[in-house]
1. Under a point-charge model restricted to the Cβ atoms of Lys and Arg (+1) and Asp and Glu (-1), what is the dipole moment magnitude of the stretch 27-163 relative to its Cα centre, in debye to the nearest 20?
2. Order of F29, F19, F113 from fewest to most other C-beta atoms within 10 Å?
3. What aspartates and glutamates does K58 reach when the alpha-carbon gap must be under 16 Å and sequence neighbours fewer than 8 apart in one chain are set aside?
4. A 19 angstrom limit on the alpha carbon distance is what I want to check against. Which of K44/K80; K102/K133; K80/K134; K80/K102; K80/K114 exceed it?
5. Tell me the angle of helix 154-163 to the major Cα principal axis of the chain, expressed in degrees between 0 and 90 and rounded to the nearest ten.
6. How much net charge surrounds R161 when only other residues with a Cβ under 12 Å from its Cβ are counted (Lys, Arg +1; Asp, Glu -1)?
7. Lys and Arg at +1, Asp and Glu at -1: add these up for the other residues within a Cβ distance under 10 Å of N108 and post the number.
8. Let me check I've understood the local charge: for E148, count other residues with C-beta under 13 angstrom from its C-beta, Lys and Arg +1, Asp and Glu -1. What total comes out?
Amino acid sequence: MKLKDKKLIVIVVILGIFFCYLLSRPYLFVCTDANTLLAFPTQKEDVISIWFVHSVQKTPVLENLAVNKSCDGFTLQSTKYQSFGVGLPFLPDEGEFKQVGKYFILDNINRRFKTVDLRTGLGTELTLIYHEKKYPIYHELPLGCKVELKVLPYYRYYLDRLMNL
């Protein structure tokens, strides 16, 4: 075998390994049944926040989720909200409840989810925050549209979508 052929084989193998690495990295996907809205490379303990206006209370709510250690789902870490009157429900054994100024915070919730399903609603202003950048999802979608958050390897997401066509 010529030296030129050996170099070509080495280059192809290196490119193949690199390509496999890229496709197997975990990604955070924000999608509807029809489209992929956002896709970000992610890693364990990355935080994505969901900001919205509560449909009944008409007050802001911020929920913080972390990518779990196996990069195949989420852990709800905390919820921060305002309440006038009746209040929003919580269970004392779900975490640490405290009031800070006008806000109620339920911290250390540690509730696990494989995926997170959301819907756009009238006046709810569904917005995602990832690495300090805001993504106002409600601008992109009609009212009542289902939005799903999921974490999985890049190749797996598109393979699953192909299989469900």
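Read-outs: derived from the displayed coordinates by stated rules, not from any lab. Worth saying up front: this structure is predicted, and the values here are computed from it rather than measured. All Cβ positions, even for glycine, are placed from backbone atoms using ideal geometry, and neighbour counts span all protein chains on display.
1. 60
2. Going from least to most buried by this count: F19, F113, F29.
3. E125
4. Violating the 19 Å Cα-Cα cut-off are K44/K80; K102/K133; K80/K114.
5. 80
6. Net of charged neighbours comes to -1.
7. With Lys, Arg at +1 and Asp, Glu at -1, the neighbours total -3.
8. Result for the local shell: +2.
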